[in-house]
Amino acid sequence: MSNSQKIEDVIIIGGACAGLTAGIYTARANLNPLLIEGYQSGGQLMLTSEVENYPGFPEGILGPDLMQKFRAQAERFGTRFLTKDVTKVDFSKRPFLIQVEKEELKAHAVIISTGASANLLGLQNESRLMGKGVSTCATCDGAFFKDAKVCVAGGGDSALEEAIFLTKFASEVTLIHRRDELRASKIMQDRAHKNKKIKFIWDTVITDVLGQDQMTGLKLKNKKTNAESEIACEGLFVAIGHTPNTKLFKGQLNMHENGYIDTLSNRTQTSVEGVFAAGDVQDHFYRQAVTAAGSGCQAAIECEKFLANR
Ligand SMILES: Cc1cc2nc3c(=O)[nH]c(=O)nc-3n(C[C@H](O)[C@H](O)[C@H](O)COP(=O)(O)OP(=O)(O)OC[C@H]3O[C@@H](n4cnc5c(N)ncnc54)[C@H](O)[C@@H]3O)c2cc1C
């Protein structure tokens, strides 16, 4: 392991909405940030096509194009990039230690913006057709399915929330669940059952997503009878939860029961002073590009004040 003597003012871990915004702000505050963007640079928006709810783009913008603009803006003010994954951190010492493969880096402050990943069913065509009918976010993509038939995979509160939200646009929403009862709260179940646009398929797993350039339907298998069938639909919303990318920080920072990083109320300060968390890695409620960018800005401003007062 090489032992660099240089101590960075701030290292940002994660190169998507939150991290790149933190890059713009810390670079413009002359903190000369080093941003370790990871191998999934651009983050979740690289998996989608049209983004219509990011302010400033009235015609909409492709997710990867939006991320390219964020990155170019951070670069313009001098953010330095490292396109590798962080493999280990040690926040028990100061300066903080951040290991990137065999290289050990040091920083007075760290902004964590490693995001979260939507859990997927694990089907090959599910990933291929992501953004082409398959989605993990009804708030983001629901409006693209006006008068269409869509399916939702899942059985918890978030699956029912997605299904109910989708009835604003879709002509029919079919919830496909692998059991014969839902895990969701009673109140959400009541709301879903009362909604005439929502249909249920029980005891059934999705075995394939059909379609070439655009999704056209799903292949299903009944778990009790093993009977196989197909359903025609234009959209599949996979609503089986999210996993925050926080494994790296276990034992170093306080976390919620659900694995998201705990921050002070309305702040990005974590349980270790000088370590900040922004974006989906600490947000299991909004999960939007604009809120991630907003908290990247908060983290940068909090970080700047921390460094100034040090
Ligand atoms: C299919 C889809 C469509 C969506 N559409 C919309 C939309 O239309 N509008 C909207 O507002 N939101 C949308 N979202 C949600 C939005 O993408 C997220 O809220 C946003 O990307 C969160 O940004 P983030 O910066 O917190 O993290 P992420 O986008 O999750 O990015 C995490 C970053 O951390 C990096 N990283 C992870 N681990 C490491 C590591 N060990 N070392 C270094 N780097 C690491 C990754 O490389 C990546 O750069 C969509 C999401 C999906 C999945």
Nonlocal amide H pairs with T174, under 5 Å, H built at 1.01 Å: V150, C151, V152, K199
Within the chain, percent of DSSP bridges classed antiparallel, to nearest 5: 45
Gaussian network model of the chain, Cα within-10 Å springs - most flexible of P55, P95, P64: P55
Relative contact order computed over segment 120-238 (Cα-Cα under 8 Å; 6+ residues apart), in percent: 32
Reachable aspartates and glutamates from K93, criterion Cα separation under 18 angstrom, eight or more residues apart if same chain: E8, D9, E103, E104, E273
Separation between Cα centres of segment 243-281 and segment 198-231, rounded to whole Å: 37
Within a Gaussian network of the chain (alpha carbon springs, distance under 10 Å), most fluctuating of E126, E50, E101: E101
Loop-resident sites, segment 184-259, for trypsin sites (Lys or Arg not before Pro), counting at most 12 other Cβ within 10 Å (DSSP): K196, K224, K250
Helix-derived mean residue ellipticity, 222 nm - over the chain, DSSP H n ≥ 4, -39500 (n - 2.57), to 500: -7500 deg cm²/dmol
Residue-wise HN-Hα coupling along segment 108-116, computed from phi with Karplus coefficients 6.51, -1.76, 1.60 (Hz; x: Gly, Pro): 6, 9, 9, 10, 9, 9, 8, x, 9
Share, in percent, of DSSP beta bridges within segment 1-130 that are antiparallel, nearest 5: 40
Whole-angstrom gap from segment 89-140 to segment 29-66, using each part's C-alpha centre: 14
Derived scalar couplings ³J(HN,Hα) [segment 158-175; Karplus, 6.51 cos²θ - 1.76 cosθ + 1.60; whole Hz; x for Gly, Pro]: 5, 5, 6, 4, 4, 4, 5, 4, 5, 5, 5, 10, 6, 7, 8, 10, 10, 8
Distance between modelled label sites at K102 and K186, nm, 7 Å Cα→Cβ extension: 6.1
Shape parameters for the chain, alpha-carbon atoms, Rg then Dmax in Å: 21.2, 66
Nonlocal amide H pairs with S117, under 5 Å, H built at 1.01 Å: T243, N245
Test item: Cα-centred dipole of the chain, Lys/Arg +1 and Asp/Glu -1 on Cβ, debye: 380
Cα-Cα over 28 Å, subset of K69/K102; K224/K250; K199/K247; K6/K88; K199/K219; K132/K186: K69/K102; K224/K250; K199/K247; K132/K186
Difference of contour (0.36 nm per residue) and Cα-Cα distance, R76 to H193: 36.9 nm
At q = 0.19, 0.22, 0.23 Å⁻¹, base-10 log of I(q)/I(0) for segment 32-151 (Debye sum, equal scatterers on each alpha carbon): -1.11, -1.28, -1.35
Gained length - K88 relative to T139, 0.36 nm times residue gap less alpha-carbon distance: 15.0 nm
With DNA, RNA and ligands ignored, accessible area of D65 (1.4 Å probe; Å², nearest 10): 80
Within a Gaussian network of the chain (alpha carbon springs, distance under 10 Å), most fluctuating of G60, G217, G23: G60
Extension reserve of the N226-F57 stretch, reckoned as 0.36 nm per residue once the Cα distance is removed: 56.1 nm
Length-normalised contact order for the chain - Cα pairs under 8 Å, 6+ apart - percent: 21
Volume of the Cα convex hull of segment 23-64, divided per residue and given in Å³: 78
Residue-level accessible surface for L175, protein heavy atoms, 1.4 Å, Å²: 0
Placed amide H near S271: partners under 5 Å, 5+ positions off or other chain: N254
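The values are calculated or read from the model by the stated rules, or taken from the named source; none is laboratory data. Not measured: the values here are computed from a predicted model. Using ideal geometry, Cβ is built from the backbone for each residue, glycine included, and neighbour counts are taken over all protein chains shown. All accessible areas refer to the heavy atoms of the entire protein, side chains included, with ligands and DNA or RNA removed. Shrake-Rupley method; radii C 1.70, N 1.55, O 1.52, S 1.80 Å.
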